[in-house]
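Notes to accompany the following structure.
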Amino acid sequence: MSSYQDVAQLDTSTTSKNKWNLHDTQWVLSLFGTAVGAGILFLPINIGIGGFWPLIILACLAFPMTFLAHRGLARFVLSSKNKDADFTDVVEEHFGVNAGRLISLLYFLSIFPILLIYGVGLTNTVDSFIVNQLGMGSPSRVLLSGVLVAGMISLMLGGEKLMLRAFAILVYPLVAILFFLSIYLIPSWQMPNMAFPEFTSFTKTLWLSVPIIVFSFSHAAAISSFANVQRGHYGNDATTKSEAILKRTSLLLIVFVLLFVFSCVLSLSTEQMAQAKAQNVSILSYLANITDNSFIATLGPLVAFIAITSSFLGHFLGARESFNGLVTKQTKLSMKSADRLGVVIMFFAIWFCAVKNPSILDMMDQLSGPIIAMILFIMPMIAVFKVPALKKYRGKSAYFILFMGSLAVLALLYSFIK
């Protein structure tokens with residue numbers, strides 16, 4: 001059992017499995033912490049540039065997209081005949097060895113680029129804090145990024161169970177501070193431009209924003225471990241309990257994140273959003289830099305640091321697990337050797353990307369969002385129409401998720417040919 005699973009394996013023997021309990025709450029917080037990262041901190045920038053009406057439409061789509069997609073992936077993992085199967089085992093069981101290997105590779109590629117994004121985002125957040133809040137000179141980017149990436153990976157290697165428990169606890173203040181900042185910004189709200197944009201421009205903006213929504217609310221990296229924990233904990237009730245936990249997680253994300261997004265978008269102009277994008281910093285770092293308020297100047301970068309770091313750790317576990325599964329099935333390397341190789345490769349790749357400092361929003365648009373859509377939206381829905389065990393889930397929601405996932409993937413193709 002992975003250490004991500006260990007995090008939520010609380011003693012619930014005295015609680016009724018038919019009622020909501022501490023085990024369920026722990027998983028809601030773990031999944032929430034995995035989702036709240038760079039995507040959400042950059043979401044106001046990307047949507048704010050597009051205008052007010054795309055924000056309204058995307059806000060309405062966010063909950064069904066998030067809940068239904070993650071529910072579909074959890075159902076897919078739980079559909080295996082093998083009660084101990086991880087994601088790689090399930091795709092090979094349902095799609096065959098060759099297709100299974102390809103899908104497993106895509107699964108790894110849906111998680112790994114997020115680590116690259118977080119490496120860039122964390123480096124920029126700390127660098128911005130040092131320069132703008134501490135009033136010091138910008139440190140060597142090579143050294144700063146190397147120390148930060150090495151520090152996060154060292155936490156993983158030094159004791160994952162203890163580390164994840166600590167970051168699960170940090171979700172409480174993270175939720176509280178995000179909520180407080182959202183309310184705190186209300187006096188700064190400005191009346192948005194209510195004019196409806198030209199239809200072609202509007203639909204294009206809406207379409208190209210879909211990958212950002214997919215990325216920003218994704219906690220797919222934890223779903224395989226999550227589903228297996230529920231199967232071991234609840235047995236035949238695993239699917240029902242998983243869906244209840246995922247629904248509450250999605251509601252928590254939508255309520256707190258969309259309040260934060262609306263508050264940020266209404267507090268800044270379109271020109272300021274463009275400046276934040278050009279600086280390649282999170283919305284909180286940008287707010288800290290342009291205001292004289294010491295509260296925002298201190299809390300903004302702190303929240304960005306906690307959110308990116310906690311989400312990095314959750315995604316690193318998923319990337320590490322999928323890399324090890326891929327390598328051990330393709331080579332004769334032992335699990336221990338594959339793990340060491342994976343840690344080294346990921347460290348240098350994340351470090352290199354953090355030094356190069358590519359556009360975070362472009363990486364979300366053109367790489368992570370569409371690849372996540374393939375694994376989270378499209379693949380489980382294909383399985384619904386292919387796998388007998390999932391036949392009962394065919395319906396309107398399956399077509400909706402398949403359609404939204406296709407839009408995200410098509411956005412990737414468009415970005416390459418435009």
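The values are calculated or read from the model by the stated rules, or taken from the named source; none is laboratory data. Given the structure is predicted, the values throughout are model-derived calculations rather than measurements. No Cβ is skipped: glycine too gets one built from the backbone with ideal geometry, and neighbour counts run over all protein chains shown. Ligands, DNA and RNA are excluded from the accessible area calculation, which covers all protein heavy atoms including side chains. Shrake-Rupley method; radii C 1.70, N 1.55, O 1.52, S 1.80 Å.
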Could you give me the residue pairs with C-beta distances under 8 Å whose first residue belongs to segment 189-200 and is within 16 Å of V265 (Cβ to Cβ), whose second residue is of a type in the set (S, T, Y) and surrounded by fewer than 10 Cβ atoms within 10 Å (Cβ to Cβ) wherever it lies, and which are 6+ apart or on separate chains? none
Can you tell me which residue is modelled with the lowest pLDDT among those in segment 363-378 that are surrounded by fewer than 24 Cβ atoms within 10 Å (Cβ to Cβ) and within 15 Å of H70 (Cα to Cα)? M374
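Here is a yes/no grid of residues against (1) within 21 Å of the chain's Cα centre (by Cα); (2) farther than 30 Å from S263 by Cβ:
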{"site": "W53", "(1), (2)": "no, no"}
{"site": "L58", "(1), (2)": "yes, no"}
{"site": "V91", "(1), (2)": "no, yes"}
{"site": "Y118", "(1), (2)": "yes, no"}
{"site": "S140", "(1), (2)": "no, yes"}
Options L116, L155, L170: the member that is open to solvent by less than 70 Å² (accessible area, probe 1.4 Å), within 20 Å of P301 (Cβ to Cβ) and either at pLDDT below 80 or in contact with a helix residue (DSSP H, G or I) (Cβ under 6 Å, 6 or more places away or on another chain) (or both): L170
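Can you confirm whether segment 188-197 contains a residue that is out of contact with any helix residue (DSSP H, G or I) (no Cβ under 7 Å at 6 or more places or on another chain) and surrounded by fewer than 14 Cβ atoms within 10 Å (Cβ to Cβ)?
Yes, segment 188-197 contains at least one residue that is out of contact with any helix residue (DSSP H, G or I) (no Cβ under 7 Å at 6 or more places or on another chain) and surrounded by fewer than 14 Cβ atoms within 10 Å (Cβ to Cβ).
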Say we look at segment 273-290 and pick out the residues that are part of a helix (DSSP H, G or I) and β-branched (V, I, T); which of these is surrounded by the most Cβ atoms within 10 Å (Cβ to Cβ)? I283
Within segment 119-134, restricting attention to residues that are over 18 Å from F348 (Cβ atoms) and among the hydrophobic types (A, V, I, L, M, F, W, C), which residue is most open to solvent (accessible area, probe 1.4 Å)? L134
From G48, G37, G100, residue being over 21 Å from the mean Cα position of the chain (by Cα), small (G, A, S) and open to solvent by less than 10 Å² (accessible area, probe 1.4 Å): G100
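Matching residues to (1) assigned to a helix (DSSP H, G or I); (2) open to solvent by less than 30 Å² (accessible area, probe 1.4 Å):
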{"residue": "K247", "(1), (2)": "yes, no"}
{"residue": "L258", "(1), (2)": "yes, yes"}
{"residue": "F262", "(1), (2)": "yes, no"}
{"residue": "E271", "(1), (2)": "yes, no"}
{"residue": "T309", "(1), (2)": "yes, yes"}
{"residue": "L333", "(1), (2)": "no, no"}
{"residue": "K336", "(1), (2)": "yes, no"}
I need the full set of residues from segment 19-76 which are of a type in the set (S, T, N, Q), out of contact with any Gly (no Cβ under 6 Å at 6 or more places or on another chain) and within 30 Å of A389 (Cα to Cα), in order please. N21, T25, Q26, S30, T66
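Yes or no, residue by residue, for (1) over 25 Å from P211 (Cβ atoms); (2) of a type in the set (G, A, S); (3) at pLDDT below 90:
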position: G50; (1), (2), (3): no, yes, yes
position: L61; (1), (2), (3): no, no, no
position: L73; (1), (2), (3): no, no, no
position: D86; (1), (2), (3): yes, no, yes
position: V97; (1), (2), (3): yes, no, yes
position: I103; (1), (2), (3): no, no, yes
position: L122; (1), (2), (3): no, no, yes
position: L144; (1), (2), (3): yes, no, no
